[in-house]
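> After the structure tokens below, expect a handful of questions from me.
Rule-based calculations on the coordinates, nothing more; no lab input. Computed from a predicted structure; not experimentally measured. When we count neighbours, we look across all protein chains shown, and the Cβ atoms used for this are built from the backbone with ideal geometry, even at glycine.
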Amino acid sequence: MKPEIKVKPGSEGSKAKYWMEEHDKYITKTTHMPEILPLVIERAEDVWIYDVDGNKYLDFTSGIAVCSLGYPTHPEIKKAIIEQLEKLAHAASNDFYHPYQVEFAKKIISVVPGNMPRKVFFSNSGTEANEAAIKLVRYATGRKFLLAFYGAFHGRTMGSLALTASKAIHHKGTFPWMPGVIHVPYPNPYRNPWHIDGYENPGELINRVLEFIEDYVFDKLILPDEVAAFVIEPIQGEGGYVVPPLGFFQELKKLLDKYGILIIDDEIQMGLGRTGKMFSIEHFNVVPEVLTMAKYIGGGAIPVGVTVFRADLEFKEYGVHSNTFGANALGCVAGIKAIEIIKGLLPHVVKLEKVFRDELLPLRDKVEKVGDVRGLGLAWGVEFVVDKKSKKPDVGTRDKVIRRAFEKGLVLLPCGKSAIRLIPPLIISEEAAKVGLSIFKEAVLESTT
Ligand SMILES: Cc1ncc(COP(=O)(O)O)c(C=O)c1O
């Protein structure tokens with residue numbers, strides 16, 4: 001079971017080239033990377049993607065953390081969706097009641113950390129799940145300000161965009177966004193404003209970030225009793241797949257509790273098994289008041305967003321927040337099944353974590369241009385630099401690795417400034433994972449020597 005490249009991907013005269021040109025005529029620019037990833041997908045099955053020219057690729061992207069259970073979706077989810085389609089799909093679920101959303105909400109609440117009473121709001125995407133969270137915490141606390149981290153990605157609509165701070169291009173030409181967001185440095189062990197080696201000195205890094213919040217935000221900018229919530233990705237995704245020191249969030253929670261500031265935990269990319277636990281915040285033993293999900297929670301087939309929160313925070317009257325498509329019945333049955341299947345997959349993810357660790361970590365010692373390798377579960381980031389001493393990001397090498405891997409039949413996506421994320425579907429077999437890792441390593445070595 002190996003990738004099979006029959007036609008040079010995206011080559012002159014290929015079908016891929018035709019569809020890319022047609023795409024550009026009719027569809028606006030978003031985040032495609034035609035130079036390094038000219039992939040035109042015809043179909044996908046399990047962990048394999050087939051392009052319009054008949055090439056077969058191994059997927060290490062999970063459709064950006066959506067197809068965690070493989071393509072086009074897990075057989076049990078497919079069955080549940082088809083059965084549901086015979087009964088009910090769209091139901092204006094915020095105006096009429098139906099049992100499927102109640103069952104889905106109960107299932108979500110049963111796996112979210114903490115034993116407090118919880119309630120759920122359903123939407124259709126990550127950014128909407130975060131927008132609902134923003135409205136909820138402002139409404140519930142009467143406070144207006146929000147804290148977020150540099151390097152964070154929380155979405156691209158005007159509220160979530162204000163929280164996002166992973167790439168300046170995301171903001172280009174679109175100001176003003178929602179006011180009231182203050183950013184603070186994230187405890188990135190490899191790259192932080194204080195040049196602390198956070199792997200060697202995690203405690204020092206944690207203290208610097210907490211001091212920054214106290215001394216530069218709460219003392220000089222905004223009193224803490226005006227801050228509604230801190231929006232976090234426990235492990236940053238788009239910002240580079242960065243794992244902070246494991247003691248950090250407990251310390252942060254203590255500080256926030258002192259001032260009655262809530263945590264909105266964005267698990268949209270790192271939740272539901274991706275890091276080997278149901279939610280990435282569980283690595284830190286912290287219970288957030290609000291937690292958001294999207295991507296994988298529709299079983300890779302239906303767009304679903306979820307905002308789950310401490311029940312007492314809820315909107316107290318009808319009409320404050322709602323939408324048209326939230327709690328689509330197909331999404332509800334897909335989500336229930338996805339949670340059940342992922343519960344059973346967690347030991348497999350933990351087992352494969354070791355394979356990834358053993359294969360990837362040596363690259364950091366062996367290759368001058370590999371600055372950092374970090375990850376948990378099946379969420380790994382490899383960061384490329386000009387050299388280890390300067391740590392200057394090497395975007396060119398990163399792009400070369402993605403392109404070369406693609407030509408060998410492995411699909412990868414970038415993250416951060418000069419990193420690559422390796423995030424195969426959670427159902428990947430050990431054998432296929434090793435095939436992908438070996439192609440990745442070949443691509444790295446060929447692009448850096
Ligand atoms: C952590 C995180 N939050 C929010 C979003 C936004 O989700 P969506 O693209 O579904 O709006 C993303 C998307 O990548 C994400 O990774």
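> Expressed in nm to one decimal, what extension gain is obtained for the pair Glu430 and Met1 from 0.36 nm per residue of sequence separation less their Cα-Cα distance?
153.3 nm
> Also, I was wondering about something else. Could you list Ile261, Ile27 in order of exposure, starting from the residue whose Cβ has the fewest other Cβ atoms within 10 Å?
Result, fewest neighbours first: Ile27, Ile261.
> Mind checking segment 1-46 for trypsin sites (Lys or Arg not before Pro) that DSSP puts in a loop (not H, G, I, E or B) and that have at most 14 other Cβ atoms within 10 Å?
The qualifying sites are Lys6, Lys29.
> When only alpha-carbon atoms are used, what values of Rg and Dmax, in angstrom, describe segment 75-342?
Values for segment 75-342 (Cα only, Rg and Dmax): 18.5, 59 Å.
> Another question, if that's okay. With the Cα gyration tensor of segment 343-449 giving a ≥ b ≥ c as the square roots of its eigenvalues, does the rule (a/c under 1.5 for rounded; else a/b larger than b/c for prolate; else oblate) give rounded, prolate or oblate?
prolate
> Note the full-extension length gain between Val350 and Leu246 as 0.36 nm times their separation in residues minus their Cα-Cα distance, in nm to one decimal.
Extending this stretch completely gives an extra 35.7 nm.
> Here is a further query. What list do you get for Trp177, Trp48, Trp380 if you sort them by fewest beta carbons within 10 Å?
Lowest count first: Trp177, Trp48, Trp380.
> In whole Hz and in residue order, list the ³J(HN,Hα) couplings for segment 280-288 that follow from phi through the Karplus curve 6.51 cos²θ - 1.76 cosθ + 1.60, θ = phi - 60°; x for Gly and Pro.
For segment 280-288, the Karplus-derived couplings read 5, 5, 5, 5, 10, 6, 10, 9, x Hz, x marking Gly and Pro.
> Can I ask one more? Per residue of the chain, what 222 nm ellipticity follows from adding -39500 (n - 2.57) for every DSSP H run with n ≥ 4, rounded to the nearest 500?
Calculated at 222 nm, the ellipticity per residue is -11000 deg cm²/dmol.
> How long is the gain from Arg357 to Met158 if the chain were fully straight, where each residue apart is worth 0.36 nm and the alpha carbon distance is subtracted?
Fully extending the segment from Arg357 to Met158 adds 67.9 nm.
> Output the relative contact order of the chain, whole-number percent, from Cα pairs under 8 angstrom with separation of 6+ residues.
22
> Taking the Kirkwood radius as the inverse of the mean 1/r across Cα pairs, report the Rg/Rh of segment 22-90.
1.06
> What whole number of Å gives the distance from the Cα centroid of segment 379-438 to the Cα centroid of segment 292-307?
25
> In percent, what relative contact order does segment 1-159 have, based on Cα pairs under 8 Å that are 6 or more apart in sequence?
Relative contact order for segment 1-159 comes out at 15 percent.
> Once you have a ≥ b ≥ c as the square roots of the Cα gyration tensor eigenvalues for segment 37-168, tell me rounded if a/c is under 1.5, and otherwise prolate or oblate according to whether a/b is larger than b/c.
Verdict is oblate for segment 37-168.
> Now for a separate question. What is the Cα centroid distance between segment 233-253 and segment 69-134, reported in whole angstrom?
Rounded to whole Å, the Cα centres lie 27 Å apart.
> With +1 on the Cβ of every Lys and Arg and -1 on the Cβ of every Asp and Glu, and nothing else charged, how large is the dipole of the chain about its Cα centre, in debye rounded to the nearest 20?
320
> Going through the cross-link list Lys220/Lys253; Lys135/Lys167; Lys144/Lys258; Lys17/Lys79; Lys119/Lys258, which pairs have a Cα-Cα distance over 27 Å in this structure?
Distance filter (> 27 Å) returns Lys17/Lys79.
> Another question, then. Go ahead and collect, in residue order, the members of segment 350-373 whose backbone nitrogen is under 20 Å from a label point 7 Å along the Cα-Cβ direction of Leu445.
Answer for segment 350-373: 355-373.
> Give the aspartates and glutamates reachable from Lys15 as a straight Cα distance under 13 Å; neighbours fewer than 8 places away on the same chain don't count.
Candidates past the 8-residue exclusion: Glu42, Asp51, Asp53.
> Which helices pass in the chain if a helix is a full DSSP H run, must span at least 24 angstrom along its long axis by Cα, and must have mean Kyte-Doolittle hydropathy not below -0.5?
329-366, 430-448
> Hey, another quick one. With label points built 7 Å along Cα→Cβ from the Cα atoms of Glu76 and Asn207, find their separation and express it in nm.
With each label point 7 Å from Cα toward Cβ, the separation is 4.8 nm.
> I would also like to ask the following. Over the chain, what number does the Rg to Rh ratio reach, with both radii from the alpha-carbon atoms and Rh per Kirkwood?
0.96
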